[in-house]
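Peer 1: I'd like to ask some things about the structure below.
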Amino acid sequence: MNTPTLHTDRLTLRAFTEADLDTFSQYRARPEVAKYQGWSDYSYSDALSLFNNTDYANFAVAGQWYQLAIADSDSDHLLGDLAVHFIDEQQVEIGFTVAPENQQKHLAREAVTALLAYLFGTLNRHRVTATTDTENTASYRLLESLGFRREAHFRKNIFFKGAWGDEYQYALLSTEQTATQHV
Ligand SMILES: CC(C)(COP(=O)(O)OP(=O)(O)OC[C@H]1O[C@@H](n2cnc3c(N)ncnc32)[C@H](O)[C@@H]1OP(=O)(O)O)[C@@H](O)C(=O)NCCC(=O)NCCS
């Protein structure tokens, strides 16, 4: 199936287009965005390669990752992105980024809320997980505000930018999401 387009009050969630890649590579290269991510520098060619390797015409294939654009619903300008990994037929891992100038406006919460409604409601998935650096307060507060449970604290499990780091794993079941849904 094709990648869906989802709408919220302020946002459109959709497949990336090449027109997004300048903005995408620019905010990914910002030190505050890269701080807890796997990259340090991020170029336009990194963005193009990610875009070319995402099969938007065959969405929700087990084992595949998809990058969804979080765009302004009026201007269609790129504000951030969601990463969606279909681990298997029932479980999905997600990630999220909002460009620094757009942060702390509850845009990530609005986008992830819509994504969860789609994954649990339309696609009938069972469980959604997310992993975050234990120092990434914005990330784990976002997850907790959406009802995700902290299921694990991995101690020095990831060698990351020159040092061992800790990570939290969070999860939300479809049954739990119904109880905590707030759009
Ligand atoms: C994590 C991130 C996507 C949050 O985006 P956002 O749009 O600013 O988040 P929201 O405005 O929806 O806020 C969600 C919750 O996080 C909290 N939060 C957001 N930024 C915060 C910050 N810098 N410090 C502390 N809490 C923060 C908000 O207060 C809110 O909690 P509340 O409802 O209890 O008030 C954003 O900070 C980001 O892109 N960071 C860089 C990339 C990254 O590290 N991604 C996560 C990888 S696992």
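Computed from the coordinates by the stated procedures, all read-outs in this text should not be read as laboratory data. Values in this document were obtained by computation on a predicted structure and should not be read as measured data. Because the Cβ atoms are built from the backbone with ideal geometry, glycine has one as well, and the counts that use them run over all protein chains shown.
Peer 1: Express in whole angstrom the spacing between the alpha-carbon centres of region 7-79 and region 146-168.
Peer 2: First find each Cα centre; the distance between them is then 23 Å.
Peer 1: In the chain, which longest range has no GluC sites (Glu not before Pro) that are both DSSP loop (not H, G, I, E or B) and surrounded by at most 13 other Cβ atoms within 10 Å? Can you show the working numbers first?
Peer 2: Details: sites that count: E89, E135.
Maximal segment without exposed cleavage sites: 1-88.
Peer 1: Moving on to the next point. Enumerate the whole-percent occupancy of each 10 Å bin, from 0 to the last occupied one, for all C-alpha pair distances of region 6-180.
Peer 2: The distribution over region 6-180 is 9, 37, 41, 12, 0, given as percents.
Peer 1: Within the set of other residues whose C-beta is less than 12 Å from the C-beta of G63, count the net charge using Lys and Arg as +1 and Asp and Glu as -1.
Peer 2: It works out to a net charge of -4.
Peer 1: Counting other Cβ atoms within 10 Å, which trypsin sites (Lys or Arg not before Pro) in region 89-136 have at most 16 and lie in a DSSP loop?
Peer 2: K105
Peer 1: Turning to a different aspect of this structure: Sticking with the crude label model, points 7 Å out along Cα→Cβ, report the distance from E101 to D74 in nm, one decimal please.
Peer 2: 1.5 nm
Peer 1: Per residue of the chain, what 222 nm ellipticity follows from adding -39500 (n - 2.57) for every DSSP H run with n ≥ 4, rounded to the nearest 500?
Peer 2: -7000 deg cm²/dmol
Peer 1: Treating each Cα of region 111-162 as an identical point scatterer and ignoring solvent, apply the Debye formula and state log10 I(q)/I(0) at q = 0.25, 0.26, 0.27, 0.31 Å⁻¹.
Peer 2: Each listed q corresponds, in turn, to -1.04, -1.08, -1.12, -1.29.
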